[in-house]
Amino acid sequence: MRTHFADSLDDLAAGLASMCALTVTAIADATTALLDVDLPTAERVLDANTDLDRAAADWEHQAFSLLALQAPVAHDLRFTVGGLHIAASLQRMGGLATHVAKIARLRHPTPAVPPEAQPVIEDIGKTAVARATETQVVLRHLDHERAEMLVAADTVMDELHRRLFTVTQAPQWPHGVQAAVDVTLLGRFYERFCDHTVDIGRRIIFLETGQLPARPETLL
């Protein structure tokens, strides 16, 4: 019975890492669609989000079954309950990637990101992909030390977001209000995407140590 229970926990951990892999692909493709004005890629991001929603629903079903039938305690209980929060964060990350893709689709065939903002958006997109990739590693190995570094690295996206704001608020911005609003929303979507990697890092720290770090202001 204990072996079956341990296998079930391993399956749940692997499921979280697999869901995170979907968010890596989603945010990478959404950024490509945005910067390359690539409508088919934007559509692919929107279609793929269904897979993430389905995976999250399956994960929750397995977790609730484990809670009902096995009554886990201590570390195992923390993992199961914390995993429900993590699955929800991963779903939201997928949703934020679709928001990016929707803006790319909405403005097609016109680029949604004016030339002045493209370098910053490119850096923001690369940072989001890197954060999600590192989150996948943290989930695969349940590594609380890497989770601590994941939480600490949140300042990188904060600085990029400030740079983007400086670009859109510059007196010489020639693209009007609509473009400024689009770029501002995009920055917020990416920022929130990375905020959820921080939240996942906090959950992994809690899982391994029993102590939940303070919640960053960006997630309040």
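The values are calculated or read from the model by the stated rules, or taken from the named source; none is laboratory data. Predicted model, so just to flag it, every value in this text is computed and none were measured. Neighbour counts run over all protein chains shown; Cβ positions are idealised from the backbone, glycine included. For accessibility, only protein heavy atoms count, side chains too; no ligands or nucleic acids. Shrake-Rupley method; radii C 1.70, N 1.55, O 1.52, S 1.80 Å.
Rounded to whole Å and ordered largest first, report the semi-axes of the equivalent ellipsoid of the range 38-155 derived from its Cα gyration tensor (root of 5λ). List each step's numbers first, then the result.
Details: eigenvalues 226, 76, 14 Å².
The three semi-axes for the range 38-155 are 34, 19, 8 Å.
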Glu43 label point, 7 Å along Cα→Cβ, cut-off 19 Å on backbone N: hits in the range 89-103?
-> 98-103
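Report, in deg cm²/dmol and to the nearest 500, the calculated mean residue ellipticity at 222 nm for the chain, where each DSSP H run with n ≥ 4 adds -39500 (n - 2.57) and the sum is divided by the residue count.
Details: 7 runs with 183 residues, N = 220.
Result for the chain, helices only: -29500 deg cm²/dmol.
Taking a temperature of 4 °C and a viscosity of 1.567 mPa s, what whole-number D in µm²/s does Stokes-Einstein yield for the range 113-165 with Rh from Kirkwood over alpha carbon pairs? Display every interim value, and only then the final one.
Numbers: Rh = 12.0 Å.
Calculated translational D: 108 µm²/s.
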Karplus ³J(HN,Hα) for the range 169-181 (6.51 cos²θ - 1.76 cosθ + 1.60, θ = phi - 60°; Hz, whole; x = Gly/Pro) runs 9, 5, x, 8, 4, x, 9, x, 5, 4, 5, 5, 5
Kirkwood Rh (inverse of mean 1/r, distinct Cα pairs), the range 28-71, angstrom = 12.3 Å
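Quickly rank 197-205, 30-38, 45-53 as a protection proxy: mean count of other C-beta atoms within 10 Å, highest first. Walk me through the numbers before you get to the answer.
Numbers: 197-205: 25.3, 30-38: 21.3, 45-53: 16.9.
Put in order of decreasing packing, that is 197-205, 30-38, 45-53.
What value in Å³ per residue do you get for the convex hull of the alpha-carbon atoms in the range 1-107?
Taking the convex hull of the Cα positions in the range 1-107, it is 76 Å³ per residue.
What's the extension gain from Thr209 to Ser18 if we count 0.36 nm per residue and subtract their Cα-Cα distance?
Working: separation 191, 0.36 × 191 = 68.76 nm, distance 2.37 nm.
Net length gain for the segment: 66.4 nm.
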Express the carbon and sulfur contribution to the solvent-accessible surface of the chain as a percent, rounded to the nearest whole number, probe 1.4 angstrom.
-> 57 percent
For the chain, what is the accessible area per residue in Å², given a 1.4 Å probe and the full set of protein chains?
-> 48 Å²
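Would you mind getting me the FRET efficiency between Arg162 and Ser65? Use the beta-carbon distance for r and R0 = 45 Å, nearest 0.05.
Working: r = 45 Å, r/R0 = 1.00.
Efficiency, rounded to the nearest 0.05: 0.50.
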Simple SL model, points at 7 angstrom along Cα→Cβ for Asp53 and Gln178; separation in nm is 2.8 nm
Segment Arg188-His141, length gained on full extension (0.36 nm per residue, minus Cα span) = 14.0 nm
